[in-house]
Amino acid sequence: MKIVLLGPPGAGKGTQAQRLVDKHGIVQLSTGDMLRAAVAAETPIGLKAKAVMDSGALVSDEIVVGIVSDRIEEPDCAKGFILDGFPRTVAQAEALDKLLDEKGTSLDAVIEFVVDENILVTRMENRVKETLAAGGQVRKDDNPESFKTRLEAYRSQTAPLSKFYAASGRLKTVDGMQSIDQVAAALDGILAEVVAA
Ligand code: AMP
């Protein structure tokens, strides 16, 4: 199963992706995680991406598409994958369609988490508090200023993806304001339909 999860930062995509990984035995591909790993390892890509990521803006399509293209060739992706945080622009979505088409395959589902943006800042602040309480390290872009830039990038560059996928009849939505269990149940319902189709 190849799934794309769409939604603004803090919408709950990562939490649900992790659950789907456990349930379906497919891998979660988070471009944010991959880029953070590249930054930590100080690879050439990481060095290029660091300042952009810290500010909350988007890394170039070229870099991100390159990372995803290499990653989906890995053997653990053979059973499928959940893309979390990719695509983030229409150009990335077009590149993804092309990559999959070249492999003779395509996406099974694109699911957008619909949320009230007013609660996202609170969710980010809670995430910071919980991480600190657990002795973890807080993401550099989890601060009010970068978060605002991330939301703006979402609105201007990523939100148009809903139309892109709706135009080809591929977009499904879930109400991301529900509890984690309710969102999980809604996702399971959508994926059961996809499998049955
Ligand atoms: P995330 O963990 O998905 O919130 O991503 C953290 C940051 O990594 C973003 O604010 C961007 O700077 C960068 N990033 C992650 N995924 C992408 C993508 N698909 N396109 C461009 N930049 C990305």
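The values are calculated or read from the model by the stated rules, or taken from the named source; none is laboratory data. Quantities reported herein were computed from a predicted structural model and do not represent experimental measurements. Methodologically, a virtual Cβ is constructed for each residue, glycine included, from the backbone with ideal geometry; neighbour enumeration extends over all protein chains shown. Ligands, DNA and RNA are excluded from the accessible area calculation, which covers all protein heavy atoms including side chains. Shrake-Rupley method; radii C 1.70, N 1.55, O 1.52, S 1.80 Å.
Quick notes
- Residue selected from the range 1-22 under the condition assigned to a helix (DSSP H, G or I) and touching a residue at least 60 places away in the same chain (Cβ under 8 Å), by the criterion surrounded by the fewest Cβ atoms within 10 Å (Cβ to Cβ): T15
- Residues being part of a loop (DSSP other than H, G, I, E, B), closer than 23 Å to D175 by Cβ and among the aliphatic types (A, V, I, L, M) - total across the range 78-132: 2
- Residues within the range 55-65 that are within 8 Å of the ligand (Cβ to nearest atom), in a helix (DSSP H, G or I) and under 14 Å from the mean Cα position of the chain (by Cα), tallied: 1
- The listed residue being within 13 Å of the ligand (Cβ to nearest atom), open to solvent by 30 Å² or more (accessible area, probe 1.4 Å) and within 27 Å of D188 (Cα to Cα), out of V52, V90, V68: V90
- Of residues in the range 113-152 being of a type in the set (S, T, N, Q), free of Cβ contacts under 8 Å to residues at least 24 places away in the same chain and over 19 Å from A40 (Cβ atoms), the one most open to solvent (accessible area, probe 1.4 Å): N118
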